[in-house]
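Worksheet: the structure to be examined is printed underneath.
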């Protein structure tokens, strides 16, 4: 049977409308407090009329992820939404076009605010690269759920009709006239797709980070072809960018976000300036023009997030930091792709997390004490998730990588990181270590940042270097070599051969590791001052002061859970360094009376002191004192108008380290 182009498109439209069948379900009214009602959405996923399983469901509101889960071996899902917000529900499946629908539940009538209602829908998915479907249309919601003004949530049929009108690409009539005719041989140039990675800040003295901002990708006709968001670090990632089509980026800022209408700095993944924005009335552009390809400077096809977290075993009020334990990163097939160990503070780091992929963090169940659960926190003590119950002798947490998803607090800025570099040099064969060699580390700008001398086993070690993506290892022969060498062998910390390099005549080595080689030679970690104290010579830190922003509820002195975690790492360091004492000073902001702030800060200092004592630290090693608002670190004194963030900077605990001789 043959179809005309119009008949074919008409049949597809009928398929789409016929498949999205919605029904409204009413639930009994709950006798609860004001605004206790909610909306339950039930959905079923299909591809080509067959159930579609293993779909990621992500619920967001105001660009903030509220929850995310996977349907696993089912094609159904249920979501309960609170009234008073609008929601975007994303449907992500590796085999299909990513789509989302919008639920407008912000403005509802009084007679439904304490009532639970329901709404169900069947969702047809589409191929990623359909020949009929215009995939760019899915940058907008494919459907909207609206309140009917009375008591139910219903389809926005007008929106649906307009969406359908534009979803289908123009049909190629040539192949429909004579389907049996031989098709001409076509030669298509393979598109070279790139990954664009940029960081946006205001061009002001502070280089204010522009976090959670929407970036619009423009083609040569200034049409929108994609959108993305910056994360909390101001970083955005655009996957699969066709640079023959991409011609610019744009974003809008409000007067409150940019009161002095400053230009925006676009930096690449190495924090190098790529360009400044062209701005007009708070609309900012980065455009390839006049031979200056600004966007080419932010291409980084090897980019991946670095995520760092902390593992803590918890049983009621008892907490144990998981120090020195194995942690694994699994792919979507549960294969181990990275393995590391937690440090003294329970921190771990995984590198090269690709946007949009499914990962799992796993922890050996043999390392778990009975009746304790394993909880995942960020390195700044923000709770992420409890690891699921044991599977294959592991506790696990699965996530889909996204800079605005659940891992957002775990994403590391390169400036937050330090690295240790470790290697071994041998001449011609493994049993010929090159001892007494001076080894220099050069950064990506060929500047020497440190040096050391190889020991009798040819081993060189560098501690706490600033993180750099590229470095060079350079050597000079200090002792002289009796026999000429043909090659220098470079080994990692596990004695695995990394590189065999021809030796120059003057017996020097100039080795720039490839990214995969460098990852085997360096150890990355979050730069925590307490870790530095624990790993260094204690005498180097006498009289050093470490500031912690340990939060308290307003007008209270009780420690919160995340504050206890911060104090737990101090306990670990004091247990390791037996001659370390601390002078603990609590400081307040200027809000409230001077006398009240002095008393409150003294109570908070003693709360922290009591907690350290409860963990086994001798009371003689802790001196606690409250300073009130007498030592503000900014201009926010009495009568000065300041933001909440500026006031918060003054609410702090300071730990002065004292090394007992």
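The values are calculated or read from the model by the stated rules, or taken from the named source; none is laboratory data. Every value quoted in this text rests on a predicted model; they were computed, and no experiment measured them. So basically every Cβ, Gly included, is an ideal-geometry build from the backbone, and we count neighbours across all protein chains shown.
Among the residues of segment 427-434, is any on the phi < 0 side of the Ramachandran plot, in contact with a helix residue (DSSP H, G or I) (Cβ under 8 Å, 6 or more places away or on another chain) and modelled with pLDDT of 90 or more?
So in segment 427-434, the residues on the phi < 0 side of the Ramachandran plot come out as 427, 429-434.
Narrowing further to those that are in contact with a helix residue (DSSP H, G or I) (Cβ under 8 Å, 6 or more places away or on another chain): none.
No.
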Among the residues of segment 521-532, what is the count of those that are modelled with pLDDT under 90 and either surrounded by fewer than 18 Cβ atoms within 10 Å (Cβ to Cβ) or part of a strand (DSSP E or B) (or both)?
3
So the strands (runs of 3 or more DSSP E) completely within segment 228-305 holding 2 or more residues that are in contact (Cβ under 8 Å) with a residue 40 or more places away in the chain, closer than 14 Å to residue 213 by Cβ and outside the structural domain of residue 353 (by TED's automatic domain parsing) are 235-242, 248-252, 264-267
For segment 100-116, enumerate the residues that are assigned to a strand (DSSP E or B) and over 17 Å from residue 156 (Cα atoms).
115, 116
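Scanning for something under 16 Å from residue 563 (Cβ atoms), in contact (Cβ under 8 Å) with a residue 40 or more places away in the chain, surrounded by 15 or more Cβ atoms within 10 Å (Cβ to Cβ) and assigned by TED's automatic domain parsing to the domain that holds residue 540, does segment 629-649 turn up at least one residue?
Going residue by residue through segment 629-649, those that are under 16 Å from residue 563 (Cβ atoms) are 648.
With in contact (Cβ under 8 Å) with a residue 40 or more places away in the chain added as a condition, the list becomes 648.
Filter again for surrounded by 15 or more Cβ atoms within 10 Å (Cβ to Cβ), leaving none.
Checking segment 629-649: not a single residue is under 16 Å from residue 563 (Cβ atoms), in contact (Cβ under 8 Å) with a residue 40 or more places away in the chain, surrounded by 15 or more Cβ atoms within 10 Å (Cβ to Cβ) and assigned by TED's automatic domain parsing to the domain that holds residue 540.
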Residues that are more than 28 Å from residue 323 (Cα to Cα): find the helices (runs of 4 or more DSSP H) completely inside segment 552-661 holding 3 or more of those.
594-614, 644-650
Kindly indicate which of 85, 113 is more than 23 Å from residue 357 (Cα to Cα) and touching a residue at least 40 places away in the same chain (Cβ under 8 Å).
113
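Would you say residue 385 is without any contact (Cβ under 8 Å) to a residue 24 or more places away in the chain, not in a loop (DSSP other than H, G, I, E, B) and not assigned by TED's automatic domain parsing to the domain that holds residue 503?
Details: without any contact (Cβ under 8 Å) to a residue 24 or more places away in the chain: yes; not in a loop (DSSP other than H, G, I, E, B): yes; not assigned by TED's automatic domain parsing to the domain that holds residue 503: yes.
For residue 385, the condition - without any contact (Cβ under 8 Å) to a residue 24 or more places away in the chain, not in a loop (DSSP other than H, G, I, E, B) and not assigned by TED's automatic domain parsing to the domain that holds residue 503 - is met.
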Give the residue, chosen from 604, 651, that is modelled with pLDDT under 90 and either on the phi > 0 side of the Ramachandran plot or touching a strand residue (DSSP E or B) at 6+ places or on another chain (Cβ under 9 Å) (or both).
651
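Against the definition (out of contact with any strand residue (DSSP E or B) (no Cβ under 7 Å at 6 or more places or on another chain) and not assigned by TED's automatic domain parsing to the domain that holds residue 631), how does residue 516 come out, yes or no? Write out each step before concluding.
Values: out of contact with any strand residue (DSSP E or B) (no Cβ under 7 Å at 6 or more places or on another chain): yes; not assigned by TED's automatic domain parsing to the domain that holds residue 631: yes.
Yes; evaluated as a whole, the condition is true for this residue.
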Based on this model, can you work out whether residue 91 counts as farther than 27 Å from residue 223 by Cα, surrounded by 18 or more Cβ atoms within 10 Å (Cβ to Cβ), out of contact with any helix residue (DSSP H, G or I) (no Cβ under 9 Å at 6 or more places or on another chain) and modelled with pLDDT of 85 or more?
no
